[in-house]
1. Of the options GLY36, GLY61, SER4, report the single residue whose Cα projects farthest towards the positive end of the charge dipole of the stretch 1-91 (beta-carbon charges: Lys, Arg +1; Asp, Glu -1).
2. Out of the stretch 26-82, which trypsin sites (Lys or Arg not before Pro) are coil in DSSP terms and have no more than 15 other C-beta atoms within 10 Å?
3. Assuming 0.36 nm per residue, please report the length gained on full extension of the stretch LEU98 to ILE25 beyond their Cα-Cα distance.
4. Can you pull the percent of Cα pairs in the stretch 5-65 with separation above 20 Å?
5. Are there any GluC sites (Glu not before Pro) in the stretch 1-90 that are in a DSSP loop and have at most 10 other Cβ atoms within 10 Å? List them by number.
6. State, to one decimal in nm, how far the label point of THR55 lies from the label point of ARG32, with both points 7 Å from Cα in the Cβ direction.
7. Modelled label-to-label distance, GLU41 and MET66, 7 Å Cα→beta-carbon offset: nm?
8. First select every other residue whose beta carbon is under 15 angstrom from the beta carbon of ALA3; then total the charges, Lys and Arg +1, Asp and Glu -1.
Amino acid sequence: MHASLLPKYRGAAPIQWAIASGETITGNTTMRIDAGMDTGEMLLQEELRIGAEETAPELAGRLSEMGAPLMVETLRDWRRRVGGAGADHAAATLAPMLKREDGRIEWGRQRRIFTTG
């Protein structure tokens, strides 16, 4: 289970990066694990709208609740689902661990800004 609509936001902080990037939709993806980082065969996905003022902990809680039934469905139909959609690696984005300086706010800007160093 990964808390993004893979191949977007591969990595350790997909929820935070989705919010910081101004996404309005995210979701969960069940996948087979392979040697890469969140690059395995995707099995099921379910979308979830991100609230306008939603925080990462709030969204993580909702994704967790939504993810449990998705995992049950994936496991229930495991054999039928193997052979699912491969990841479109060209559409992949990364969601690396956040650093303290990533939280810098540029107050003079009119829209959300998220810098990576």
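Laboratory data are not the source of any read-out in this text; all were calculated from the coordinates shown. Since we're looking at a predicted model, the values are computed, not measured. Every residue, glycine among them, receives a Cβ derived from its backbone with ideal geometry; neighbour counts consider all protein chains shown.
1. Positive-most Cα among the choices belongs to GLY36.
2. Details: sites: ARG32, ARG49, ARG62, ARG76, ARG79, ARG80, ARG81; in loops: ARG32.
In loop regions of the stretch 26-82 (DSSP not H, G, I, E or B), the sparsely surrounded trypsin sites (Lys or Arg not before Pro) are ARG32.
3. My answer for the length gained is 24.2 nm.
4. Values: 425 of 1830 pairs.
The proportion of pairs with Cα distances above 20 Å equals 23 percent.
5. On the way: sites: GLU23, GLU41, GLU46, GLU47, GLU53, GLU54, GLU58, GLU65, GLU73; in loops: GLU23, GLU41, GLU53, GLU54.
Within the stretch 1-90, the qualifying GluC sites (Glu not before Pro) (loop, at most 10 other Cβ atoms within 10 Å) are GLU53.
6. 4.0 nm
7. Simple spin-label model gives 2.5 nm for this pair.
8. -3
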